[in-house]
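Below is one structure, written out as structure tokens; the observations come after it.
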Amino acid sequence: MQATNTVPHSPAVTSSVDIADWRPEDEAFWKEKGARIANRNLWISIPSLLCGFAVWLMWGIITVQMANAGFPFTPDQLFSIAAISGLSGATLRIPASFFIRLCGGRNTVWLTTALLMIPAAGTGIALQSLDTPLWVFQLMALLSGIGGGNFACSMANISTFFPKRLQGTALGLNAGLGNFGVTTSQLLIPAVMTVGLFGALGGDAIPLAKDSATLIGKIAAGTPTWVQNAGFVWLLLLVPLAVIGWFGMNNLLTVSPSIGSTASALRKVLMLYAIALVMSAIGLYLYLPSGLGVLSGNGMWLVPPLVTLGTLFGMKAVASGEMKASLTKQFGIFRNKHTWSMTALYVVTFGSFIGFSMALPLSITVIFGNTHTFDPATQAWVHAKNPNAPSALMYAWIGPFVGALIRPVGGWISDKLGGSIVTQWISIVLVVASAVTGYVMHLAYQSATPEAYFFVFMALFIVLFAASGIGNGSTFRTVGFVFDKDERGPVLGWTSAIGGYGSFIAPVVIGAQIKAGTPEYAMYGFAVFYAICVVLNWWFYLRRDAYIKNP
């Protein structure tokens, strides 16, 4: 019988940005052209991800300035706006983890970055008037979650361009510099609000109802402020990034062999993001008092799991062919007990980092922006404007900056000592720091001079950010140690999504406890959760007969 030679099927090239031959582990290929292409994609990805984080988390700062500008919303309503973007951003990470294989890297990163123009422009328009209703801001916050979802697809994309020996560096640059989007928004937004950056197109200034500040000093009440620039400013980055991303990035057909036409790939992204946004909106409608409110109060703990399950089943319902097979395979991680242990530990680390980033600015404003005196006649606490109040706009950026800066250190230490032992120590630090922070918040919220406790409060929060930043690196290292190469990607996508719900939980819990007059209870509750995870981490990875000893 005559042997027949079979020729491997090559994926169809449908665009000039498609690359059919990609061999990063081939040294000659890498030196000849691979490194140049990979680095070009990386350095377009980094500012795109930075803008994603900035737009996602801009509400932590915007809500502070909304209060200063006299928007007619209560503190708990402002906290809820920040929490909405947190919930949608975490939920959108679930479908985003599938995008690269289904839709291609360039197609995905370009579209998800370009979509950020919608909440950026919409937020700017909404902030032009004090009469804009609450639901408009809630809608813009929901759409801002697109920036949170972008992390999952951005990391998955960059990992495919580099050889294994360089993936740690490439992913560290992408994630680490991308995380600086939090600090960028907290520094840039207060600065651009002080000038009419866009002239007549940006709209009229709004006089400040309360004192405000930038990094370099305070701004007196009555000063004109262009709060709408908080949304519009991102267009100055997003528009050129969309052009650069469209022409400068690539789809690797060795990773995404069946993306089809560019139009069909973009439709898949829009469809899956739409499912996640709809599920987030349903969850919020059940939670918010302005909706049905049946999950308000303690029912808020049901919102993330219900939205997550709804998104997963919604994706599976519309999936077919390769997409359905990929989803079915990924669902297999839920049968592994280590998926659930690592999910809890990633909530401790990234969930804390992102949650505190969202909640800290408004917490500073509410706790330290007022004096707190007890009126014996009415048996109630009276909160009045504090003339010596520190400004959140001057200090809130420090914690996220430290957390992002120290993240690579966590990975480096974990490579030396082991991921789980580093996670164990930082979790213990989080237990102690969270409990002490709660006590300081208690003292400040019952003081006529709360500013006396501010610098202790900030120092403790910097410890919380530093510990959670180190823990981000250590938990990533543990995932790489515990799971095989087929499970590693799906688990990282899943844990990053659930960890992202910290940006919903922290503002809601802290805001609710401030409203109840007991802000310390929020931090005490977080301390209890961290303590439980200390035991969980020890049981799974550090005890003598651990399931997987690490180290």
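Only Lys, Arg, Asp and Glu count, each charged at its Cβ (+1, +1, -1, -1), so figure out the dipole size of segment 32-165 about its Cα centre, rounded to 20 debye.
Details: 8 positive and 3 negative charges, 183 e Å.
In debye, rounded to 20, segment 32-165 gives about 880.
Keeping all protein chains in the complex and leaving out DNA, RNA and ligands, what accessible area do you get for Asp21 with a 1.4 Å probe, in Å² to the nearest 10?
The value for Asp21 is about 70 Å².
Would you report the distance distribution of C-alpha pairs in segment 344-384 as whole percents per 10 angstrom bin, up to the bin with the largest distance?
26, 28, 23, 19, 5
Keeping every protein chain present and rolling a 1.4 Å probe, give me the accessible area per residue for the chain in Å².
Details: 21460 Å² over 551 residues.
Accessible surface, normalised per residue, equals 39 Å².
Positive end of the dipole of the chain, charges at C-beta (+1 Lys, Arg; -1 Asp, Glu), about the Cα centre: which of Ser256, Cys153, Gln128 has its Cα farthest in that direction?
Comparing the listed Cα positions along the dipole, Ser256 ranks first.
Report the calculated FRET efficiency for Trp340 and Asp131 (r = Cβ-Cβ distance, R0 = 41 Å), to the nearest 0.05.
Numbers: r = 47 Å, r/R0 = 1.14.
Taking R0 as 41 Å, the efficiency between Trp340 and Asp131 is 0.30.
Could you list, bin by bin from short to long, the percent of Cα-Cα pairs of segment 394-472 in 10 Å steps?
Here the calculated profile for segment 394-472 is 20, 42, 26, 10, 2.
Can you list residues from other chains, or at least 5 along the same chain, whose modelled amide H is less than 5 Å from the amide H of Asn370?
Asn386
Considering all alpha-carbon pairs of segment 122-227, what whole percent are spaced by more than 21 angstrom?
Numbers: 3039 of 5565 pairs.
It works out to 55 percent of all Cα pairs.
Taking the Cα atoms of segment 1-150, report the difference between the largest and smallest coordinate on each principal axis, in whole Å and largest first.
Extents along the principal axes, in whole Å: 83, 35, 22.
Karplus couplings for segment 500-517 from phi (6.51 cos²θ - 1.76 cosθ + 1.60, θ = phi - 60°), rounded to Hz, Gly and Pro as x?
Once θ is set to phi - 60°, the couplings for segment 500-517 become x, 5, x, 6, 8, 5, 4, x, 5, 5, 5, x, 5, 6, 5, 4, 7, x Hz.
Run down the lysines and flag those whose C-alpha is under 21 Å from the C-alpha of Lys210, throwing out any fewer than 8 positions away in its chain.
Lys218, Lys385, Lys515
For segment 74-167, what does the convex hull of the Cα positions come to per residue, in cubic angstrom? The partial results should precede the final answer.
Numbers: hull volume 9.6 nm³, N = 94.
Here the figure is 102 Å³ per residue.
Run the dipole for the chain about the Cα centre, Lys and Arg Cβ at +1, Asp and Glu Cβ at -1, nothing else charged, and hand back the magnitude in debye, nearest 20. Intermediate values should be presented prior to the final figure.
Details: 29 positive and 19 negative charges, 231 e Å.
My answer is approximately 1120 debye.
In segment 1-154, if the dipole is taken from +1 on Lys/Arg beta carbons and -1 on Asp/Glu beta carbons about the Cα centre, which of Leu102, Phe73, Ala141 is farthest to the positive end?
Towards the positive end, the residue furthest out is Leu102.
Hey, can you grab everything whose amide H is under 5 Å from the amide H of Thr225? Only 5+ residues off in sequence or another chain; H modelled, so Pro and N-termini drop out.
Ile206, Leu208
Across segment 242-247, in residue order, what do the Karplus-derived ³J(HN,Hα) couplings come to in whole Hz, using 6.51 cos²θ - 1.76 cosθ + 1.60 with θ = phi - 60° and x for Gly and Pro?
Each residue of segment 242-247 in turn: 5, 5, 5, x, 5, 8 Hz.
Taking 22 Å as R0, compute the FRET efficiency from the Cβ-Cβ separation of Asn39 and Val409 and round it to 0.05. Working shown, then result.
Values: r = 24 Å, r/R0 = 1.08.
Using R0 = 22 Å, I get an efficiency of 0.40.
HN-Hα J couplings of segment 54-59 from phi, Karplus 6.51/-1.76/1.60, θ = phi - 60°, integer Hz, Gly and Pro as x?
For segment 54-59, the Karplus curve yields 4, 5, 4, 9, 5, 5 Hz.
What lysines does Lys268 reach when the alpha-carbon gap must be under 28 Å and sequence neighbours fewer than 8 apart in one chain are set aside?
Excluding near neighbours in sequence, the set is Lys316, Lys324, Lys329, Lys485.
If you average 1/r across every pair of different Cα atoms in segment 61-116 and take the reciprocal, what Kirkwood value do you get, in Å? Intermediate results must be reported in sequence, preceding the final value.
On the way: mean 1/r = 0.0738 Å⁻¹.
One over the average 1/r among Cα pairs gives 13.6 Å for segment 61-116.
Could you rank Arg544, Arg93 by how accessible they are, 1.4 Å probe, largest area first? Walk me through the numbers on the way to the answer.
On the way: Arg544 220, Arg93 0 Å².
Most to least solvent-accessible, the answer reads Arg544, Arg93.
Can you tell me what the convex hull of the Cα atoms of the chain projects to on average, as an area in nm²? Each step should come with its number before you reach the end.
Working: hull surface 113.9 nm².
Averaged projected hull area, Cα only: 28.5 nm².
Please give me the summed charge of the neighbours of Phe331: other residues whose Cβ is under 12 Å from its Cβ, Lys and Arg +1, Asp and Glu -1. Let's see the in-between values first.
Working: positive: Lys316, Lys324, Lys329, Arg335; negative: Glu487.
Residues close to Phe331 contribute a combined charge of +3.
Given a Förster distance of 22 Å, report the FRET efficiency between Val528 and Leu443 from their Cβ-Cβ distance, rounded to the nearest 0.05. Can you show the working numbers first?
On the way: r = 20 Å, r/R0 = 0.92.
Using R0 = 22 Å, I get an efficiency of 0.60.
List the residues whose amide H sits under 5 Å from the amide H of Thr214, counting only those 5 or more places along or on another chain, with H placed 1.01 Å from N in the peptide plane.
Ile219
Once segment 493-551 is represented by equal point scatterers at the alpha-carbon sites, with solvent omitted, what log10 I(q)/I(0) does the Debye formula produce at q = 0.14, 0.19, 0.22, 0.29 Å⁻¹?
-0.57, -0.81, -0.90, -1.06
Can you give the extra length, in nm with one decimal, that the chain gains between Leu215 and Leu270 once fully stretched, where that is 0.36 nm per residue apart less the Cα-Cα distance?
Numbers: separation 55, 0.36 × 55 = 19.80 nm, distance 3.80 nm.
Between Leu215 and Leu270, full extension yields 16.0 nm more.
The values are calculated or read from the model by the stated rules, or taken from the named source; none is laboratory data. Since the model is a prediction, treat every value here as computed from it, not as a measurement. Neighbour counts run over all protein chains shown; Cβ positions are idealised from the backbone, glycine included. In case anyone asks, the SASA skips ligands and DNA or RNA and just uses the protein heavy atoms, side chains included. Shrake-Rupley method; radii C 1.70, N 1.55, O 1.52, S 1.80 Å.
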